[in-house]
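The values are calculated or read from the model by the stated rules, or taken from the named source; none is laboratory data. Since the structure is predicted, the reported quantities are computational estimates derived from the model, not experimental observations. Cβ coordinates were reconstructed from backbone atoms using ideal geometry, including for glycine residues, and neighbour counts include every protein chain displayed. Only protein heavy atoms, including side chains, enter the accessible area calculation; ligands, DNA and RNA are left aside. Shrake-Rupley method; radii C 1.70, N 1.55, O 1.52, S 1.80 Å.
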Amino acid sequence: MGSLADLRVIDMATLFAGPSAAMMLGDFGADVIKIEHPRRGDPSRGHGAAVDGVGLWWKTLSRNKRNVAVDMSRAEGQEIVRRLTGRADVLVENFRPGTLERWGLDPAELLEDNPRLIVARMTGFGQFGPMAGQPGFGTLAEAMSGFAAMTGAPDGPPTLPPLALADGIAGLAMSYAIMVAVHHRERTGRGQIIDLAIIEPILGLLGPQMSAYKALGVVPRRTGNRSSSNAPRNTYRTKDGRWLAISTSAQPVAERVVTLVGRADLVEEPWFASGAGRVRHVEELDEAVASWIAARDAEEVIAAFEEAQAAIAPIYDVKDIAVDPQYTALETFVDVEDEELGSVTMQNVMFRMSETPGEIRWAGRALGHDTDEVLAELGIPAERIAELRQMGVVA
């Protein structure tokens, strides 16, 4: 029994942002009911690597969720959804504004039926404004937030991330928003509607770019692997061809790094006393660090940095992550038994809690795996479920 075991969540969102928010709640015991279209399913089933046609991303994204296949565009399916939300705590959806209303599932009406319901609405651009009705994905948020404009080499094009970054950030933000709403409900007994636009949470991770622009007219530029806030900060290649990353965000660490590479004299320079000052002399600093690292093998460099208590890490790919002793110690990855694939390795719950730890109880299930069970809990007899299945309303 997880700490959220008394929370029932209806996840009717698709792809990544909304479903990831529901996944995080499920990790801590919430009863998450995932609703999919009976024939198409969630598009995330077809994203990324697959084993025997079974998507591995889906296995993680829909872990700990009971799977129900209902056609919400049909009147009979809408009635099922209303009955589910009538006894639920949270509804997560990401349809374009107006879709739920067109289906007779207006959030305001759902709240009339169940005043304690929390309706978590996640769209690309929010519920109002000139772009509200347009299709929105994380890629557009990464473009519009300024992230792509400041990512990449100084003389190269704006660069998008090779992953669903904005979606993941929005999922984290929505899981937090839901828990704020749950806390409010515990005090007042009232649910509410959450309006989250995927273009907004990623802005918060980019720092005070708007503050700097309004106050100083500063427009962030692309700096590659360098930082606009401190130096030296970059990736460096070792004698044996490996890549290492270092950071000097803290002043004492910056002093240790330049001392280690034989340039202790730089510490006495007035400009060295601040990150901004060091950025102005980034070429000199990078040359000192890069040449020292290039003359040594990675193992020697890492050992020297660790002894000096300077921050360094190897650039990993997934093969390195799989055998890293720190990830092993943290049990960052677990093998989860699965009905379809036998076993699936996936990232564990994101953090550890001493009193209420999370748990992966099962991986993402087959389409409609739990339809009969969930509909029976609503009091729908087996004969009616069979009829709905024959009509194509459920699967």
Which helices (runs of 4 or more DSSP H) sit wholly inside region 1-112 and have at least 2 residues that are surrounded by 22 or more Cβ atoms within 10 Å (Cβ to Cβ) and in contact with a Gly (Cβ under 7 Å, 6 or more places away or on another chain)? 17-27, 56-61
Please go through region 113-143 and pick out each residue that is in contact with a helix residue (DSSP H, G or I) (Cβ under 7 Å, 6 or more places away or on another chain), part of a loop (DSSP other than H, G, I, E, B) and either within 17 Å of M174 (Cα to Cα) or modelled with pLDDT under 95 (or both). L117, G124
Could you say whether any residue in region 211-228 is surrounded by fewer than 14 Cβ atoms within 10 Å (Cβ to Cβ), among the aromatic types (F, W, Y), at pLDDT 95 or above and under 30 Å from L84 (Cβ atoms)? no
Suppose we filter R121, R116 for residues that are open to solvent by less than 50 Å² (accessible area, probe 1.4 Å) and among the basic types (K, R); which single one remains? R121
Over 30 Å from I80 (Cα atoms), in contact with a strand residue (DSSP E or B) (Cβ under 7 Å, 6 or more places away or on another chain), among the small types (G, A, S) and in contact (Cβ under 8 Å) with a residue 12 or more places away in the chain, is that true of A363? no
Output the residues belonging to region 164-207 that are in contact with a strand residue (DSSP E or B) (Cβ under 8 Å, 6 or more places away or on another chain) and of a type in the set (S, T, N, Q). Q192
Is it true that some residue in region 168-187 is outside any helix (DSSP H, G or I) and within 16 Å of the chain's Cα centre (by Cα)? no
What number of residues within region 165-208 satisfy the criterion of being at pLDDT below 95 and open to solvent by less than 50 Å² (accessible area, probe 1.4 Å)? 2
Quick test of your reading of the structure: T248 fulfils all but one of (1) free of Cβ contacts under 8 Å to residues at least 60 places away in the same chain; (2) among the polar types (S, T, N, Q); (3) open to solvent by less than 50 Å² (accessible area, probe 1.4 Å). Name the failing condition by number. (1)
Could you give me the residue pairs with C-beta distances under 7 Å whose first residue belongs to region 163-191 and is touching a residue at least 12 places away in the same chain (Cβ under 8 Å) and under 14 Å from L203 (Cα atoms), whose second residue is assigned to a helix (DSSP H, G or I) and of a type in the set (D, E, K, R) wherever it lies, and which are 6+ apart or on separate chains? L165/E142; A166/E142
Since I118 meets every condition but one in (1) within 19 Å of R8 (Cβ to Cβ); (2) among the β-branched types (V, I, T); (3) free of Cβ contacts under 8 Å to residues at least 12 places away in the same chain, which condition does it not meet? (3)
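Restrict the check to region 72-80 and report whether at least one residue is of a type in the set (D, E), modelled with pLDDT of 95 or more and either more than 22 Å from L196 (Cα to Cα) or within 18 Å of the chain's Cα centre (by Cα) (or both).
The answer is yes; a qualifying residue exists.
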Tell me the residue from A294, A254 that is over 13 Å from Y236 (Cα atoms) and among the small types (G, A, S), please. A254
Considering only residues that are in contact with a Ser or Thr (Cβ under 7 Å, 6 or more places away or on another chain), farther than 25 Å from H184 by Cα and among the polar types (S, T, N, Q), which ones fall in region 93-137? none
List the residue pairs whose Cβ atoms are under 8 Å apart, where the first residue sits in region 320-343 and is more than 30 Å from W243 (Cβ to Cβ), the second is in a loop (DSSP other than H, G, I, E, B) and β-branched (V, I, T), and the two are 6 or more positions apart or on different chains. V336/I360
Would you please list the contacts, defined by Cβ atoms under 7 Å and residues six or more apart or on different chains, that run from a residue in region 29-49 that is at pLDDT 95 or above to a residue that is open to solvent by 70 Å² or more (accessible area, probe 1.4 Å) and aliphatic (A, V, I, L, M)? G29/M1
